[in-house]
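Peer 1: What follows is a single structure, and I will ask about it in a moment.
Coordinate-derived values only; no laboratory data. Fair warning: this is a prediction, and the values are worked out from it, not measured in the lab. Every residue, glycine among them, receives a Cβ derived from its backbone with ideal geometry; neighbour counts consider all protein chains shown.
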Amino acid sequence: MLTFNQPFYSEEGMQCISEAIIKNRRLNGDGPFTEKCTKWFEDKLQKKNLLTTSCTHALEMAALLADIQPGDEIIMPSFTFVSTADAFVLRGARIKFVDIRNDTMNINENLIEQAITEKTKVIVPVHYAGVACEMDTIMDLAKSRNLLVVEDAAQGMMATYKGRYLGTIGDFGAYSFHETKNYTMGEGGLILVNRQEHVHRAEILREKGTNRSQYFRGEVDKYSWVDMGSSYLPSEMNAAYLWPQLKMADQINERRLRLWNLYYESLKDLAQKEYLELPYIPEECAHNAHMFYIKVRNLDERTALIEYLAQKGISAVFHYVPLHSSIAGRRWGTFIGKDKFTTKESERLLRLPMFYDLQERDVVNVVDAIERFYVK
Ligand SMILES: *Cc1c(COP(=O)(O)O)cnc(C)c1O
């Protein structure tokens, strides 16, 4: 069976975990491996960042730092993972969903303004498949209406918008290192704190509301409880597994892009014959091949294709059930405007196997099977 995803396999990652345990004798958070990872991101992104236990937790930190209060409103797409909304719902916020664009599957930047009220606090662009949202429009709007922007860049590490790394453009950015993402530590994430005024509080929130980070830097002579907080720092063992992947980040990115391009080129013929649609990458976006998806004509065809591929030993999967149609989404959210594309496009989308160790011949086999499905 060709699986849809395989978590990144790394001998060096295992060695680094051993090093954390045997040599460093350091298993809890913020040890040498966490420091190396943080430094790497700081050098690359030129922004303050903190490793977290998940992207979900990075988003929760952003919601806390944005000081979200019960009744505040948050604007986001409905076509996203539950964590995007959960992080704000935990703070008592109401979610205002707006429609996506049918080309990128990202929030339609032109529909955000109509959803803004005097209670709106934050806009959350989600960079689906590592393809950037139209950030210039979103940032201009946020600025003019005095709103914060939290980028859900869970899928967006290494990808850029007009040359700027995703997650570094808004007030906050969040990456995921879940095993399904391009770079992984099993479960893990990172928050980018892009405005200096939030940095101090971010460190405190992550360390159970203490000024422990300051204490370790020698800035205070003891640490104590200074604010609310939680435990958002990952174990050194997780950070150790991530570290070697960062050193080969470009190599991982290039490999994935090669596989992505092979899918794209091989499926062009079927796309030209209008059997299916291929992903669209706007000019100003450099993506990271997080995902390769196709869009088929409708839900029934997708169900049939999934079944057909499964019979051929290929696992292909659909993605989000739009949040506004779910039990929790109906309770805490409202769809503003017309659902022109969210439901329709989500029902057509099918993700094909994509991971670092995927082979060219696997891609060829998947494409062959899809061709046979259509041209029987
Ligand atoms: C994966 C993902 C998350 C959650 O990441 P975790 O690290 O598993 O918490 C959030 N948002 C999006 C868009 C994702 O793809």
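Peer 1: Where in the chain is the longest stretch that carries no GluC sites (Glu not before Pro) classed as loop by DSSP and with at most 13 other Cβ atoms within 10 Å?
Peer 2: Here the longest segment lacking exposed loop sites spans 1-117.
Peer 1: Ok, one more. Which trypsin sites (Lys or Arg not before Pro) does the stretch 53-154 hold that lie in a coil by DSSP with at most 15 other beta carbons within 10 Å?
Peer 2: Lys119, Arg145
Peer 1: Something else about it: Around Leu64, under 15 Å between beta carbons, what's the net of Lys plus Arg minus Asp minus Glu among the other residues?
Peer 2: Its environment carries a net charge of -3.
Peer 1: OK, next. For the chain, what proportion of DSSP beta bridges, expressed in % and rounded to the nearest 5, is antiparallel?
Peer 2: 55 percent
Peer 1: So what's the Cα pair-distance distribution over the chain, bin width 20 Å, in %?
Peer 2: 28, 56, 15, 0
Peer 1: For the Cα atoms of the chain, what angle does the longest principal axis make with the long axis of helix 32-45, in degrees from 0 to 90, nearest 10?
Peer 2: 70 degrees
Peer 1: Please work out the C-alpha center-to-center distance from the stretch 211-261 to the stretch 362-376 and express it in whole Å.
Peer 2: Measuring centre to centre over Cα atoms gives 41 Å.
Peer 1: Rounded to two decimals, what is the ratio between the C-alpha radius of gyration of the stretch 204-256 and 2.2 N^0.38 Å?
Peer 2: Here the Cα radius of gyration is 1.64 times the empirical estimate.
Peer 1: Could you let me know the centre-to-centre spacing of the stretch 5-22 and the stretch 86-140, using Cα atoms, in angstrom?
Peer 2: Result: 36 Å between the Cα centres.
Peer 1: Given labels modelled 7 Å from the Cα in the Cβ direction, how far is it in nm from Tyr223 to Lys247?
Peer 2: 2.8 nm
Peer 1: Give me Rg over Rh for the stretch 78-232, both radii from the alpha carbons and Rh done the Kirkwood way, two decimal places.
Peer 2: Ratio of gyration radius to Kirkwood radius for the stretch 78-232: 1.00.
Peer 1: Contour minus end-to-end for Asn28 and Glu274, with contour as 0.36 nm per residue of separation and end-to-end as the Cα-Cα distance?
Peer 2: So the chain would gain 83.2 nm between Asn28 and Glu274.
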